[in-house]
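Report on the structure given below.
The values are calculated or read from the model by the stated rules, or taken from the named source; none is laboratory data. Here the structure is a predicted model, which means the values were calculated and not measured. We place every Cβ from the backbone using ideal geometry, glycine too, and count neighbours over all the protein chains shown. When the accessible area is computed, the model is the full protein with side chains, heavy atoms only, and any ligands, DNA or RNA have been set aside. Shrake-Rupley method; radii C 1.70, N 1.55, O 1.52, S 1.80 Å.
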Amino acid sequence: MNTSQFTGLRLPAAFLLWLCPLMASAAEDTLSPGINMAWLATASALVFLMQAGFALLEAGMSRAKNALNVVMKNYLDVCVGTVIFWAVGFGLMFGTNSSGWFGTDRFLLGSADMDTYGLLLFQTMFAATAATIASGAMAERTRFTAYLVGAVVITGLIYPVFGSWVWNSDGWLAKLGFIDFAGSSVVHSVGAWCALAGIIVLGPRLGRFDNNGRPREIRGHNLTLVALGGFILWFGWFGFNGGSTLEATVDIGLINLNTHLAACAGALGSVLMALVSRRPILLTETVNGSIAGLVAITAGAASMHPPWAMVSGLVGGILCTLSTHLMLKLRLDDVVGAVSAHGVAGAWGTIAAGLFFAEDMFNGQIVMVQILGVLACFVWTFFTALVMYVLIALLMGLRASAQHEQRGLDLSEHAEIGYPEFPSDSTVYTAERAAAVEVRS
C-alpha cells in the first residue's frame, strides 16, 4: 500500500474520532432522563416495600389476636393515602407556594410533565410512610375505620403542609436553609408526633400498667416477624435515602453508605445501653435501635462524612432506648416504640444534619435553623393531630370497646382470625355478636 493510500485512511479515521464524542454526548443527553426516571421509579418501589416491613414488624410486636388488624391497617393506609395525596396533598406540598406556608395548585393532578409524575410517585410513598408510623404505636386498641380517617388527614393535610415548608423551594423553612435531605423530620417525626397524639387520646392497652402505674410486659407474638420486618425496612431505606437525589447521580454511593453505617451504629447503640444498664439484649430494642439509626441519618445522609454518620446513628440508637423507658414512666403505651425510633431519633437526626454539615461543621447559625425546624415540626404536627384524634374520638369513636380489645381486633373489626388454629373460645364470637356489643356500648 502506498503513501497516498495511508493518507486517504487518515481522514475518515480522524473524522470518526471527532464524531464519536459528539455521538456519545448526544446519547448521554437522550439516555440521562430515562436513567434518572428508572432510578426514581426503582427507589419508589423500594420505599413501597417498606410498607411490608412496617406490617411485619408491627404485627410481630402485637399479640396474635390483633395481627391481622395490624396488617390490614398497613395495607389500606397506603391505598387511601395514595388517593388523598394525589387529590389534595401533592398540591399543598408542591403547588405554587406564594405565602411560604402551602401550595395552591396541582390538585387532582391530571396532565403534567414526566418529571412531575415521577416526583408524585416518589412522594406518595413518603406520605404513606408518614401515615403508617402511627399504626404500630396505636395498635391493639384502635378502631379500624377511625384509624383510616386519621390516615386521610395525615396524608392530605398534616404531612404535606409541613413538607411544603421544607421541600417546596418557596417554603419558609426552605428559605432559611433548613436541612432535611430525605425526611428525618418531614416524614419520620411527622408520623411519630401524630402517633404520640394518638396514644395520648387513646390511653394505654388494658392491663399495660398496674394500679401503681408500673408497666406490665405485653410481649409480641412473633419476634421472627419483627426481625424480618426490620431487615425489609433497612433494605427499603436505600431507596428512601438514595432515591431522594431524584436522579441517578454519583452521590448515591455516599448516601447509601452513610445510611448503612448509621443503621449498624444505631443497633450497636441499643446493645451498648443494655450492657451498661445490665439488662438483657432484646431483639425488639436492637431492631428499633437500627431503625433509629436509619431515621437519624435520613436528614443528613447527603451532607455528612461517614464517621459522623456513624455518630448520628449511634446517638440515635441510644436516645431511642432512653426515650422508650421514659415513655413507660410517663404511662404512654407505644406498642412498637414508634415515637422513640421515629420522633426522638428524627429530631436528633435533623439537628445532627446541621451539627455535622460537611461544608461548615458546628456552625451555630445552621444548628439554630435546624432546632427551629424541629420545634415547628412538633408544634404543627402534634397539636393538629391531637385536635384531629380528639374530634375522631368524639364523633365516631377512636378506641375499640373493652370486650373487643380483650377478644382481639382481628375478629371484631374484620370478622377474620389471623391464627385460626390457635384454640380459643373467640371462634364462637361472630361478627354479628361483635356488632351487637358495639351498639350496646
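In this structure, is Ala248 within 26 Å of Thr124 (Cβ to Cβ), open to solvent by less than 40 Å² (accessible area, probe 1.4 Å) and either at pLDDT 95 or above or aliphatic (A, V, I, L, M) (or both)?
no
Pick from Ala352, Ala400: which is farther than 25 Å from Ala299 by Cβ and not β-branched (Val, Ile, Thr)?
Ala400
I need the full set of residues from region 397-414 which are closer than 25 Å to Val387 by Cα, of a type outside the set (A, V, I, L, M, F, W, C), out of contact with any helix residue (DSSP H, G or I) (no Cβ under 6 Å at 6 or more places or on another chain) and assigned to a helix (DSSP H, G or I), in order please.
Residue satisfying the conditions is Glu405 alone.
Tell me, which residue of region 246-278 that is hydroxyl-bearing (Ser, Thr, Tyr) and farther than 21 Å from Phe356 by Cα is farthest from the chain's Cα centre (by Cα)?
Residue satisfying both the conditions and the ranking: Ser277.
Looking only at region 219-244, filter to residues that are open to solvent by 30 Å² or more (accessible area, probe 1.4 Å) and of a type in the set (Val, Ile, Thr); which one of those is nearest to Ala67 (Cα to Cα)?
Thr224
Show the residue pairs that are 6+ apart or on different chains and have beta-carbon atoms under 6 Å apart, the first residue being within region 124-139 and touching a residue at least 60 places away in the same chain (Cβ under 8 Å), the second being in a loop (DSSP other than H, G, I, E, B).
Gly136/Val335; Gly136/Val336; Ala137/Asp334; Ala139/Ser62; Ala139/Val335
Kindly provide the set of residues from region 187-218 that are on the phi > 0 side of the Ramachandran plot and open to solvent by 20 Å² or more (accessible area, probe 1.4 Å), ordered by number.
Correct list: Gly207 only.
List, please: which pairs have Cβ atoms under 9 Å, are six or more places apart or on different chains, and start with a residue in region 191-205 that is modelled with pLDDT of 95 or more and in a helix (DSSP H, G or I) and end with one that is surrounded by fewer than 24 Cβ atoms within 10 Å (Cβ to Cβ) and of a type in the set (Lys, Arg)?
Listed by first residue and then by second, the contacts come to Val201/Arg399; Leu202/Arg141; Leu202/Arg399.
For every residue, the table says whether it meets (1) touching a Gly at 6+ places or on another chain (Cβ under 6 Å); (2) open to solvent by less than 20 Å² (accessible area, probe 1.4 Å); (3) outside any helix (DSSP H, G or I).
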{"position": "Leu332", "(1), (2), (3)": "no, no, yes"}
{"position": "Val336", "(1), (2), (3)": "yes, yes, yes"}
{"position": "Ala345", "(1), (2), (3)": "yes, yes, no"}
{"position": "Thr350", "(1), (2), (3)": "no, yes, no"}
{"position": "Ala353", "(1), (2), (3)": "yes, yes, no"}
{"position": "Met361", "(1), (2), (3)": "no, no, yes"}
{"position": "Ile366", "(1), (2), (3)": "yes, no, no"}
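Considering only residues that are open to solvent by 10 Å² or more (accessible area, probe 1.4 Å) and either under 18 Å from the mean Cα position of the chain (by Cα) or among the hydroxyl-bearing types (Ser, Thr, Tyr) (or both), which ones fall in region 64-82?
Result: Val71, Met72, Tyr75, Leu76, Val78, Cys79, Val80, Thr82.
Name the one entry in Leu326, Leu319 that is over 30 Å from Ala64 (Cβ atoms) and in a helix (DSSP H, G or I).
Leu319
Just checking, which of Leu314, Leu275, Leu294 is surrounded by fewer than 22 Cβ atoms within 10 Å (Cβ to Cβ) and of a type outside the set (Lys, Arg)?
Leu275
Just name the residue that is surrounded by the fewest Cβ atoms within 10 Å (Cβ to Cβ) out of those in region 107-139 that are touching a Leu at 6+ places or on another chain (Cβ under 7 Å) and not in a helix (DSSP H, G or I).
Leu109
What single numbered condition from (1) assigned to a helix (DSSP H, G or I); (2) touching a residue at least 40 places away in the same chain (Cβ under 8 Å) fails to hold for Ala174?
(2)
Please give the number of the condition Ala87 fails out of (1) out of contact with any Leu (no Cβ under 6 Å at 6 or more places or on another chain); (2) open to solvent by 10 Å² or more (accessible area, probe 1.4 Å).
Just one mismatch for Ala87, condition (1).
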